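Let me begin by presenting the structure, written as structure tokens, before commenting on it.
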């Protein structure tokens with residue numbers, strides 16, 4: 001019995017530490033921003049060091065039902081029907097996030113696309129001075145041409161960039 005406890009306790013400790021640890025800011029964060037009976041929109045956002053000045057990543061995915069499983073396979077809404085957008089923010093150190101950079105909306109180009117990915121490496125120095133940075137990524141899917149875009153935003157979390 002003691003041998004079992006000595007073996008089990010380190011494993012349990014590792015599992016507790018892994019489950020209890022918060023995700024690092026450079027880990028991608030995915031959130032379902034739209035969920036209907038026909039299709040879903042997932043948006044992934046990430047901030048990382050890149051070359052030292054920061055790196056933003058946005059991934060948008062259109063999903064549909066597969067047999068009995070809800071939103072489990074790629075949905076092909078057609079060219080121009082998946083839209084992405086992201087904003088790059090820096091914390092002012094006191095009370096607010098300041099917009100440092102933003103993209104204009106960008107769209108998928110193929111009828112076979114089920115996702116849209118965009119990223120940008122901001123170089124070797126932070127664009128808006130050293131500080132905490134984060135990405136606000138947006139993604140929307142229009143299920144039928146001429147219909148409404150459905151989706152929303154996902155915040156990446158933040159990390160310090162600078163010397």
Listed peptides 131-141, 106-116 by packing density, highest first (mean Cβ within 10 Å): 131-141, 106-116
Kirkwood Rh and Cα Rg combined as Rg/Rh, segment 26-161: 1.04
Cα-only Debye scattering, segment 106-163: base-10 log of I(q)/I(0) at q = 0.21 Å⁻¹: -0.91
Relative contact order of segment 26-161, defined on C-alpha pairs under 8 angstrom at six or more residues apart (%): 32 percent
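Taken together, the values in this text are just the output of simple stated rules run on the coordinates, not laboratory data. Quantities reported herein were computed from a predicted structural model and do not represent experimental measurements. Here the Cβ is made from the backbone with ideal geometry for all residues, glycine too, and neighbour counts use every protein chain on show.
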